[in-house]
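Colleague: Sharing a structure, written as structure tokens. Questions coming.
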Amino acid sequence: MVFLRSKLVKGESYSYLVQSKWDRKRKTSIQETVKYLGKTSKISIGDIPHEYRYSPTVLAFLANNKKIDTKGREKSMLKIKQNALKFLLSGDLEGLRLVFKNFRKTGTIPEFYEKILRPAMYDIGGLWRDGKLDVGSEHVASNTVMRLIESMNTKIKPKSKTKTVLICTPDGEYHIIPCLMIETYLTLRGYNVINLSPSVPTKSLINHVDKEKPDLVLVSITLDEHMKSGMQLIKNIKKLKIPIIVGGQALKDKKHNFGVTVSTTPNFSELAKTVKMEITQR
């Protein structure tokens, strides 16, 4: 296994490529310097020996090191996404966990979602639309993503005595992945999240919203065919006088008249700002 180590010398960061090996005699792992890379700010993928260039740990370092050149970072990010895509299509959850684990050494969970997982899922959706991927393979990839995110969400605990956000979809809308990602991000930001997606019958959902009385309801609509049921759902929630934000792929680049706040940004940080603003103005 190889990875990069950095140290500060007179305020400047310098990096080394290090390999971890098992010493049979000592029965312990030892670290050997493979190559001195110089100033961290000037490292590019071309500085890495070819046999180690596409190691997940190296790619994660290059992708998230803000000091390296933009082209090198983009190339590293693309390679990580390709690795994730490969594991998604094969349904290899452990392989995907490894990609995530290596990315987390230098990047955040939201960055992994925005830069790796979501673009990979967009690619899979494109393959499906172009007839290059069957429904079964698309479901394998989606289920693998859901299992990864759900396992992470169970480990994230919200702060006590915090604001509550309820996430839902219209009846018949089964696209849950965007909701799971939003659940992760808002929980990390300190919100208590109730995720009722996907597809809860409208009457039951309204009853639950009335019972829980969250500080805000976030409605996600992915497919155009669910816009009508989405509008009806929002109309019913408005009667409870609870702030609502509606978003999702179905609203992108389209005119809409929901009478509530609409968020079509794919950026989690921007969405969080909108959530905070709506709750504050309540």
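Colleague: For the structure I just gave you, tell me whether residue 165 is part of a loop (DSSP other than H, G, I, E, B) and either more than 14 Å from the chain's Cα centre (by Cα) or among the aromatic types (Phe, Trp, Tyr) (or both).
Modeller: In short, no.
Colleague: Next question. Of the conditions (1) out of contact with any strand residue (DSSP E or B) (no Cβ under 6 Å at 6 or more places or on another chain); (2) part of a loop (DSSP other than H, G, I, E, B), residue 208 clears all except one; give me its number.
Modeller: In the conditions (1) out of contact with any strand residue (DSSP E or B) (no Cβ under 6 Å at 6 or more places or on another chain); (2) part of a loop (DSSP other than H, G, I, E, B), residue 208 misses (2) alone.
Colleague: Across the range 78-103, which residue is farthest from the chain's Cα centre (by Cα) among those that are under 22 Å from residue 40 (Cα atoms) and in contact (Cβ under 8 Å) with a residue 24 or more places away in the chain?
Modeller: My answer is 79.
Colleague: Mind checking which pairs have a first residue in the range 244-267 that is assigned to a loop (DSSP other than H, G, I, E, B) and a second that is of a type in the set (Gly, Ala, Ser) and buried (at least 17 other Cβ atoms within 10 Å of the Cβ), Cβ under 7 Å, 6 or more apart or different chains?
Modeller: 248/220; 264/247
Colleague: Okay, moving on. Looking only at residues in the range 110-165 that are surrounded by fewer than 15 Cβ atoms within 10 Å (Cβ to Cβ) and among the hydrophobic types (A, V, I, L, M, F, W, C), which one is modelled with the highest pLDDT?
Modeller: 146
Colleague: Does residue 222 satisfy the condition of being of a type in the set (Ser, Thr, Tyr), closer than 25 Å to residue 116 by Cα and not in a helix (DSSP H, G or I)?
Modeller: On the way: of a type in the set (Ser, Thr, Tyr): yes; closer than 25 Å to residue 116 by Cα: yes; not in a helix (DSSP H, G or I): yes.
For residue 222, the condition - of a type in the set (Ser, Thr, Tyr), closer than 25 Å to residue 116 by Cα and not in a helix (DSSP H, G or I) - is met.
Colleague: A further question follows. If we keep just the residues of the range 16-54 that are among the aromatic types (Phe, Trp, Tyr) and surrounded by 15 or more Cβ atoms within 10 Å (Cβ to Cβ), which is nearest to residue 6 (Cα to Cα)?
Modeller: Per the criteria, the residue is 16.
Colleague: Taking interchain pairs and intrachain pairs at least six residues apart, which have beta carbon atoms under 9 angstrom, with the first residue in the range 38-52 and more than 16 Å from residue 75 (Cα to Cα) and the second part of a helix (DSSP H, G or I)?
Modeller: 38/47
Colleague: Give me a count of the residues in the range 105-129 that are basic (Lys, Arg) and free of Cβ contacts under 8 Å to residues at least 40 places away in the same chain. It would help to see each step written out before you state the result.
Modeller: The initial filter retains those residues of the range 105-129 that are basic (Lys, Arg), namely 105, 115, 118, 129.
Next, only the ones that are free of Cβ contacts under 8 Å to residues at least 40 places away in the same chain stay: 129.
So the count comes out to 1.
Colleague: Looking at the range 26-58, which of the residues that are in a loop (DSSP other than H, G, I, E, B) and at pLDDT 85 or above is farthest from the chain's Cα centre (by Cα)?
Modeller: Only one residue fits best here, namely 49.
Colleague: Quick check: is even one residue across the range 224-232 on the phi > 0 side of the Ramachandran plot, of a type in the set (Ser, Thr, Tyr) and modelled with pLDDT under 95?
Modeller: No, there is no match, as no residue in the range 224-232 is on the phi > 0 side of the Ramachandran plot, of a type in the set (Ser, Thr, Tyr) and modelled with pLDDT under 95.
Colleague: Something else now. Does the range 64-77 contain at least one residue that is under 13 Å from the mean Cα position of the chain (by Cα) and either at pLDDT 90 or above or not basic (Lys, Arg) (or both)? Don't jump to the end; show me each part of the working.
Modeller: To start, the set of residues in the range 64-77 that are under 13 Å from the mean Cα position of the chain (by Cα) comprises none.
No, the range 64-77 contains no residue that is under 13 Å from the mean Cα position of the chain (by Cα) and either at pLDDT 90 or above or not basic (Lys, Arg) (or both).
Colleague: Here is a check on your reading of the model: is residue 276 free of Cβ contacts under 8 Å to residues at least 40 places away in the same chain, more than 18 Å from the chain's Cα centre (by Cα) and within 20 Å of residue 183 (Cα to Cα)?
Modeller: So residue 276 passes the test.
Colleague: I'm told residue 15 meets every condition in (1) under 29 Å from residue 152 (Cα atoms); (2) in a strand (DSSP E or B); (3) within 29 Å of the chain's Cα centre (by Cα) except one. Can you identify the failing condition by its number?
Modeller: In the conditions (1) under 29 Å from residue 152 (Cα atoms); (2) in a strand (DSSP E or B); (3) within 29 Å of the chain's Cα centre (by Cα), residue 15 misses (1) alone.
Colleague: Report whether or not residue 275 is assigned to a strand (DSSP E or B), under 22 Å from residue 110 (Cα atoms) and touching a strand residue (DSSP E or B) at 6+ places or on another chain (Cβ under 8 Å).
Modeller: Taking the combined requirement at face value, the residue does not satisfy it.
Colleague: Right, here's the next one. How many residues are in contact (Cβ under 8 Å) with a residue 40 or more places away in the chain and closer than 28 Å to residue 189 by Cβ if we restrict to the range 130-150?
Modeller: The total comes to 6.
The values are calculated or read from the model by the stated rules, or taken from the named source; none is laboratory data. Keep in mind it's a predicted model, so treat the numbers as computed, not measured. Heads up, the Cβs are rebuilt from the backbone with ideal geometry, glycines too, and the neighbour counts pull from every protein chain shown.
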